[in-house]
1. Restricting to segment 54-76, name every residue that is assigned to a strand (DSSP E or B) and not aromatic (Phe, Trp, Tyr).
2. Is it fair to say Leu375 is in contact (Cβ under 8 Å) with a residue 24 or more places away in the chain, touching a His at 6+ places or on another chain (Cβ under 9 Å) and more than 30 Å from Ala87 (Cβ to Cβ)?
3. Only one residue in Asp251, Asp290, Asp236 is charged (D, E, K, R) and in contact with a strand residue (DSSP E or B) (Cβ under 7 Å, 6 or more places away or on another chain). Which one?
4. Considering Arg56, Arg102, which residue is in the same structural domain as Val35 (by TED's automatic domain parsing) and either surrounded by fewer than 18 Cβ atoms within 10 Å (Cβ to Cβ) or of a type outside the set (A, V, I, L, M) (or both)?
5. Based on this model, can you work out whether Glu155 counts as assigned by TED's automatic domain parsing to the domain that holds Ala178, farther than 29 Å from Leu243 by Cβ, surrounded by 15 or more Cβ atoms within 10 Å (Cβ to Cβ) and not basic (Lys, Arg)?
6. Does segment 286-301 include one or more residues that are surrounded by 21 or more Cβ atoms within 10 Å (Cβ to Cβ) and farther than 29 Å from Pro418 by Cβ?
7. What do you reckon, is Asp150 acidic (Asp, Glu) and more than 22 Å from Ile128 (Cβ to Cβ)?
Amino acid sequence: MNSVLVESLDHEGRGIARSDGKTIFIEGALPGERVEFLSHRRKPTFEQATMSALLRASPLRCAPRCPHFGVCGGCSMQHLDTSAQVAVKQRVLENALWHLARVRAEVIYPALHGPDWGYRFRARLGVIQVPGETGVLVGFHEKKSSYIADMQRCEILPPALSRLLVPLRGLIAGLSIANRIPQIEVAVGEEKTVLVLRNLLPFTQADIRHVLAFGEAWGMRMWYQPGGPDTARPFDQDETPWLTYSLPEFDVRLKFKPTDFTQVNIPINRALMHRAMQLLDPRPGERIADLFCGLGNFSLPIAARGARVHGVEGSAALTARAAENARDNGLGERCRFSVANLFEATPASLARLGPLDKMLIDPPRDGAIAVCKALDDSAPRRIVYVSCNPATLARDSGVLVGEKGYRLRGAGVANMFPQTSHVESIALFERD
């Protein structure tokens, strides 16, 4: 069996090597290592493989902290020193910008770091009833599989939630509809933690008592969700439906429901907010658009700095939540929110926002290509772009720089998901 030298990592955390004119993507291999591999997919120009033997280890290789690493699909980089993980993510960002768009940032911002473990304040846990002694499994999916990993703990969940993985098995197994609960949504707020049981059939009164007793014993608030996200409700009808998180630097507190989208890593969200406001530099009297604004995560800090902000979001429920958060924080007069499908943005739809001094864009993984293409000569001179996908950021950068006359002043990563290959980044575009 031939050995290869691993040159780098790809965006999924796989080692990249070259052999006989092919690119080999090798699970478990790190840059600088010499390894042997077994291919499980062969194409004319590349192969996908798994490391079968480690002949020379990287000095950055470390022992995974979690016993389920390699089986559970929740993490892909526990075998790499955390500081090196961040360097890899920065390289992934730079490579995407250059290879996909022929764009380079004028400045590379220092990476934003936070806690390496126990950081995941949001999670969606799979649930499955299985034959045998285990009965029920609760956890993340196995790597590249629809199966649920047999997990006793999780190092990226907060300890209080990690300890629940096994007790949750007993909870589900004791319900009359144990085989009709496919997932449990976890949402951590500053005052309480909510577990949302997705139920495909109604609970019996005995089920409800069982669930409420579990919540009381473990200090959790228990919810159920019989349909879409908007159907989620607390089992205890007297319970307030809100969770909250704060951004102390801007003296704002945002409320949200357990099924609303919020960032999973609160310390990194705060650090990202600090950098975004540094780059955007909102000032009193300015008009700033916050596109894909969600429940106001960036809108409220912009308004707190004195600017007037127009937030746009595709979800009517989140838009209403953003407006309510602005009012609750005394920022309602500076904030306006509207519902629009930004994936279908046009020059006319952006013009309806009125004259803008600056813009912040925080799209989902699909990026903001329609928005970028719709910008015209009246577009703001400064755009801060927060991205969760280097490929779509690179694609959109190609439009902003190559077609719209912007310069990519700077870009850098935020380690929102340590131990995984997920790359969160922020970029600043300016034009005269």
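1. The first filter runs over segment 54-76 and keeps only residues assigned to a strand (DSSP E or B), leaving 54-56, 61, 69, 72.
Answer for segment 54-76, where residues must be assigned to a strand (DSSP E or B) and not aromatic (Phe, Trp, Tyr): Leu54, Leu55, Arg56, Arg61, Cys72.
2. Details: in contact (Cβ under 8 Å) with a residue 24 or more places away in the chain: yes; touching a His at 6+ places or on another chain (Cβ under 9 Å): no; more than 30 Å from Ala87 (Cβ to Cβ): yes.
No; evaluated as a whole, the condition is false for this residue.
3. Values: Asp251 fails: in contact with a strand residue (DSSP E or B) (Cβ under 7 Å, 6 or more places away or on another chain); Asp236 fails: in contact with a strand residue (DSSP E or B) (Cβ under 7 Å, 6 or more places away or on another chain).
Going through Asp251, Asp290, Asp236 in turn, just one is charged (D, E, K, R) and in contact with a strand residue (DSSP E or B) (Cβ under 7 Å, 6 or more places away or on another chain): Asp290.
4. On the way: Arg102 fails: in the same structural domain as Val35 (by TED's automatic domain parsing).
Being in the same structural domain as Val35 (by TED's automatic domain parsing) and either surrounded by fewer than 18 Cβ atoms within 10 Å (Cβ to Cβ) or of a type outside the set (A, V, I, L, M) (or both) holds for just one of Arg56, Arg102, which is Arg56.
5. On the way: assigned by TED's automatic domain parsing to the domain that holds Ala178: yes; farther than 29 Å from Leu243 by Cβ: no; surrounded by 15 or more Cβ atoms within 10 Å (Cβ to Cβ): yes; not basic (Lys, Arg): yes.
Answer is no for this residue.
6. Of the residues in segment 286-301, the ones surrounded by 21 or more Cβ atoms within 10 Å (Cβ to Cβ) are 288-301.
Restricting the remaining residues to those that are farther than 29 Å from Pro418 by Cβ gives 288-289.
Checked segment 286-301: at least one residue is surrounded by 21 or more Cβ atoms within 10 Å (Cβ to Cβ) and farther than 29 Å from Pro418 by Cβ.
7. Working: acidic (Asp, Glu): yes; more than 22 Å from Ile128 (Cβ to Cβ): no.
Against the criterion (acidic (Asp, Glu) and more than 22 Å from Ile128 (Cβ to Cβ)), Asp150 does not qualify.
To keep it simple, each residue is scored yes or no on (1) closer than 21 Å to Met77 by Cα; (2) assigned to a loop (DSSP other than H, G, I, E, B).
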site	(1), (2)
Gly13	yes, yes
Ile16	yes, no
Ile24	yes, no
Val35	yes, no
His40	yes, no
Pro44	no, yes
Gln48	yes, no
Ser52	yes, no
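The values are calculated or read from the model by the stated rules, or taken from the named source; none is laboratory data. Predicted model only: the values in this text are computed from it and were never measured. Glycine gets a Cβ as well: all are built from the backbone with ideal geometry, and neighbour counts include every protein chain shown.
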